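Participant: Sharing a structure here in structure tokens format.
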Amino acid sequence: MGLNLARLNSAHNVVSWLSNLLIKLKKEEMELVAVILWNLWNNRNGAVFDSSYKDPLSLVSFSVHFLSQFQEANRTPMAAEHTTAIQQSVLSQWKRPPAGYVKANFDGAIFVEGDVSGIGVVIRDAEGNFVAGLAKQIPGIFAPEVIESYAAKAAVELLLELHLHMIILEGDCLKVVKMLQSTETDASACGMLGFL
């Protein structure tokens, strides 16, 4: 990639640096830069607020792995033998939101071997452009619908933080999607998150 990491003293320098990267780097390289920067921000927030910190090598490795998984997930649909009946019924190509709206796709994952769960959110505009996103590890193993609820909650919080109000939420867990659409109180573990 060969980046010149000159001292970035101000917001203007950061904007200028990113603008130069957009011109000089290939699309794939810029995607990796964006994921690394996003993970640096999350790592900084973790160090400040949660007392959690990843060393730089782990952060870059996580970013490369995350981007690879994201690209693979968006390249080909999951094989039918690896999906449940519910996942198969909601598995489809990403559809753009109407003009003026953004769409927040959220998902949760369970990593049994690491005894952690994870959530991810990607927000895109009506043109399909990336607006914002997040990924976060959550210590422990949770039921799939609970970790999906955490992901939905993170999506809502990010949308509110960005002051985005014309939104479409999209996830692949039917129980969570129905809970979001319902006006009734849900007393299950998912509903107990009580975020809307």
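The values are calculated or read from the model by the stated rules, or taken from the named source; none is laboratory data. None of the values given here were measured: they were computed from a predicted structure. With ideal geometry, Cβ positions are generated from the backbone for all residues, glycine too; neighbour counts draw on all protein chains shown.
Participant: Check whether at least one residue in region 145-159 is free of Cβ contacts under 8 Å to residues at least 60 places away in the same chain, surrounded by fewer than 16 Cβ atoms within 10 Å (Cβ to Cβ) and among the basic types (Lys, Arg), and report yes or no.
Facilitator: Scanning region 145-159, I find no residue that is free of Cβ contacts under 8 Å to residues at least 60 places away in the same chain, surrounded by fewer than 16 Cβ atoms within 10 Å (Cβ to Cβ) and among the basic types (Lys, Arg), so the answer is no.
Participant: While we're on this one: Taking into account only those residues within region 105-134 that are farther than 22 Å from Ile168 by Cβ and not in a strand (DSSP E or B), which is modelled with the highest pLDDT?
Facilitator: Ranking the qualifying residues of region 105-134, first place goes to Asp115.
Participant: Restrict the check to region 43-51 and report whether at least one residue is within 21 Å of Pro139 (Cβ to Cβ), at pLDDT below 75 and in a helix (DSSP H, G or I).
Facilitator: Yes.
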